[in-house]
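One structure is given below, encoded as structure tokens.
Just so it is clear, none of the values below were taken in a lab; they were calculated from the coordinates. Just so we're clear, the structure is a prediction, and the values are computed from it rather than from any experiment. Quick reminder, even Gly has a Cβ in these numbers, built from the backbone with ideal geometry, and neighbours come from all protein chains shown.
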Amino acid sequence: MYELYNNYNNYFMNNTDKNIIWNVGIYTRLSREDEKEPQFNKQSESIENQIKFLNGYVKCQGWNIVKTYIDDGFSGTNFDRPDFKNMISDIENKVINMVITKDLSRLGRDYIDTGYYIEKYFPSKHIRYIAVNDNVDTFDANNSNNDMTPFKAVTNDMYAKDTSKKVRTALMTKAVNGESIKPFQPYGYKKDPNNKNRVIVDRVVSENVVRIFDMYKAGKTKKEICNYLNENNIVTPLKYKEETTNYRNPNKRFYIWTNTMITKILRDRIYTGDLEQHKHTKINYKVKKSIKVNPQQHIIIENNHEPIIDKNTFYTVQKMLDKQANEWNYTSSKPHLLKGLVFCSCGARVTYNKNHGQYFRCVCSSYKRGGAKFCNNIQYLREDELISKVLESLKINVNKYLDYQRLDCNRRNNKKKDTKTDEIKKQIEILDRKIKTIYEDKLNNIISVEMFVTLSSSYEKQKSDLKNMLENINTKVEDEKQIPFKSMEDYIKEVLQFNNPDKVDRNLLLKLIDKIVIENKEIKSITYNFSIPS
């Protein structure tokens with residue numbers, strides 16, 4: 001039976017070879033990861049050499065070369081490659097009936113997809129596949145190397161996995177060392193021409209970044225900023241990247257400024273001089289899709305490069321973004337002072353309605369959408385009344401805080417003074433004992449008179465210095481009591497001297513207040529960003 005089976009296979013192969021005209025598609029591929037491998041031989045594995053080798057092989061067999069497919073710079077773990085797709089299209093259109101590669105890994109390194117094409121797709125389309133160096137020929141039933149194809153595919157897959165690990169480890173090492181691993185730098189920065197992993201300021205557009213932060217901090221909406229940039233023909237980040245790098249925008253869109261672009265710039269910590277990386281990672285070495293990394297696992301190198309924005313401005317803007325502080329619904333000369341801070345006791349945000357063109361009223365957004373059945377806590381509290389109550393409460397609590405800080409400061413100073421004073425007094429006592437001891441030694445002729453004079457003079461000098469230190473400590477503490485308490489709250493207190501709400505610094509309120517809850521025309525609670533003494 002086995003002999004009959006072998007005879008049948010030989011008959012099939014011989015007749016097939018004689019009757020079929022083989023129209024060959026040569027497929028070549030080379031990935032960037034392959035080129036980075038230490039054992040990579042550019043001479044033997046280059047696209048040019050693959051084509052030269054396969055052309056010679058096909059001509060020796062007397063077959064027709066119909067087309068050569070080239071995917072240069074594409075990973076073997078993914079079959080979403082331009083020329084591979086073209087080859088599949090030509091198979092479907094019966095342009096070719098044979099696919100030939102230099103070895104199995106050139107077709108692909110994913111053992112599942114590679115197995116699918118070799119074991120299912122090619123046979124179903126009557127396509128003959130040959131991997132020359134691996135001696136694979138799917139139309140040769142007697143070729144034992146065909147049986148090894150699954151094992152070779154797994155080996156190729158493991159090689160790709162190992163390469164991916166090495167590349168990822170190398171990138172993480174660079175990130176930890178403060179080197180940029182991004183292919184392109186954010187708008188406002190560029191790669192150092194002498195060191196591609198070093199970030200430097202792009203003076204051509206950095207002033208646009210400063211302008212965006214300044215405008216937003218001053219109360220301009222993102223839409224207003226976009227309009228300004230578009231009207232002044234400021235090139236968008238994507239367009240500028242196309243013009244200055246080898247990046248090519250596949251969609252040919254985003255050539256006008258949008259809110260999303262503004263948000264991306266305002267949120268990017270790189271502008272403070274901190275390099276934050278490893279914010280996204282690929283699911284695995286086979287899937288291109290990226291997922292967000294937990295912020296605690298980001299790799300952050302502080303003060304890594306020249307900043308464009310100072311950190312105080314940056315974190316003020318973050319606070320404003322978190323509360324959507326400068327976006328409002330109604331056209332007015334200025335934004336609502338407490339926008340983004342006020343909530344109804346039902347949990348919904350508070351919005352503002354104009355009352356017959358006279359003044360704004362605070363309205364629960366749930367009430368506004370669904371009426372009293374959703375919320376009946378807020379009955380049109382006037383905005384100016386709310387601001388007045390908030391500022392009054394703020395002044396009282398800030399002054400409480402400052403008084404407590406002064407008291408606490410004095411307490412700590414006195415404690416420091418007492419501790420330091422006790423230490424000095426102990427040292428003086430020790431010196432007195434030493435003087436007494438050397439005096440007794442002189443009387444007992446243990447030390448000479450000259451030695452006694454030398455040692456006692458030294459000890460007396462040390463005592464005198466310590467007493468001066470003691471006197472200076474007392475003087476310094478008294479002086480500190482006369483100096484106003486210095487901290488950020490000094491600035492706060494100065495601003496709160498204004499009785500006119502129009503002159504209150506809105507950015508300052510965002511630093512001081514976290515949340516305001518109102519119920520039935522009254523303030524239910526105010527959560528501050530500083531501790532209030534009980």
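A few points about this structure:
- Approximate spin-label separation Asn64-Lys521, in nm, with each point projected 7 Å along Cα-to-Cβ: 9.2 nm
- The number of Lys pairs in the stretch 55-146 with C-alpha atoms less than 16 Å apart, excluding pairs fewer than 8 positions apart on the same chain, is 8.
- Where a label projected 7 Å from the Cα of Thr244 along Cα→Cβ would reach, residues of the stretch 203-234 with amide N under 16 Å: 203-212, 234
- Packing-based exposure ordering (other Cβ within 10 Å, fewest first) of Trp22, Trp257: Trp22, Trp257
- Using the Cβ-Cβ distance between Ile428 and Tyr121 with R0 = 60 Å, the FRET efficiency computed as 1/(1 + (r/R0)^6) comes to roughly 0.05.
- Site pair Lys292 and Lys461 shows an inter-label distance of 6.8 nm when each label is modelled 7 Å from Cα along Cα→Cβ.
- For Lys182, Lys436, order by how many other beta-carbon atoms lie within 10 Å, fewest first: Lys436, Lys182
- FRET efficiency for Ser345 and Asn397, using Cβ-Cβ distance with R0 set to 25 Å, rounded to 0.05: 0.80
- Label-to-label distance for Asn472 and Ile51 is 8.2 nm, based on points extended 7 Å past Cα in the beta-carbon direction.
- At an R0 of 35 angstrom, the distance between the Cβ atoms of Ile200 and Asn259 translates into a FRET efficiency of 0.80.
- In terms of other Cβ atoms within 10 Å, Ile118, Ile300 run from fewest to most in the order Ile300, Ile118.
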